[in-house]
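> My structure is below; once you've seen it, I'll send some questions.
The values are calculated or read from the model by the stated rules, or taken from the named source; none is laboratory data. This is a predicted model, so every value here is computed, not measured. Cβ coordinates were reconstructed from backbone atoms using ideal geometry, including for glycine residues, and neighbour counts include every protein chain displayed.
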Amino acid sequence: MVAGAGGLAGLVLLTASPAEAIAITVPASATLPNAVTGTPTLSAHLGTVTVTAGGLVAPGFTATVSATVFKTGAGSANETIEKSSISYWSGPATSSSGLSSTQPGQLTALVAQDLSVARPAFSGTGLLLSISASWNPTIVVTLPSAVIAGTYSGTITHSAA
């Protein structure tokens, strides 16, 4: 409260909360095609990833992607595909909403990045209220020459902040 000559007057400060609401939806699973002996690489789309960010002013997000090694059997050296052999490219936005600017992490296969470390997948900034972006990323797995046949499992993780 502020005291003035005419008595008491209320003082109200309006502030925008810096907290934003960010949500991400990802496919439950994806399957790479089977490889025949001598196949150097496998690739597949992972399915649609969508990030939504909301805030009173300038909502935004940065999505990242990471991976585990892919293993079969006991996970010996010849039963493991290392993260450096797994490449990712986001491709362009398949849809977006709100007054926003979105940027893919890797627009084309020519700039695909290996997932030996977490990589940027997509980002977006907006003017007001709520924005979203969706994309259908591709992974490319380079098969080591000594890899043995089997069904390999691994995890690709998308997160957003």
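> Report whether or not residue 95 is exposed (fewer than 13 other Cβ atoms within 10 Å of the Cβ), under 16 Å from the mean Cα position of the chain (by Cα) and either aliphatic (A, V, I, L, M) or at pLDDT 95 or above (or both).
When the stated conditions are applied, residue 95 passes them.
> Now for a separate question. Collect the residues in region 109-154 that are in a strand (DSSP E or B) and either of a type in the set (Ser, Thr, Tyr) or at positive phi (or both), keeping them in residue-number order.
Residues satisfying the conditions are 123, 125, 129, 130, 132, 134, 138, 142, 153.
> Among the residues of region 85-102, write down those that are part of a loop (DSSP other than H, G, I, E, B) and not aliphatic (A, V, I, L, M). Give the derivation first.
Residues of region 85-102 that are part of a loop (DSSP other than H, G, I, E, B), as a first pass: 90-94, 98-99.
Scanning region 85-102 gives 90, 91, 92, 94, 98.
> Run residue 106 past the list (1) crowded, with 19+ Cβ neighbours inside 10 Å; (2) part of a strand (DSSP E or B) and report the number of the one that doesn't hold.
So the condition that residue 106 fails would be (2).
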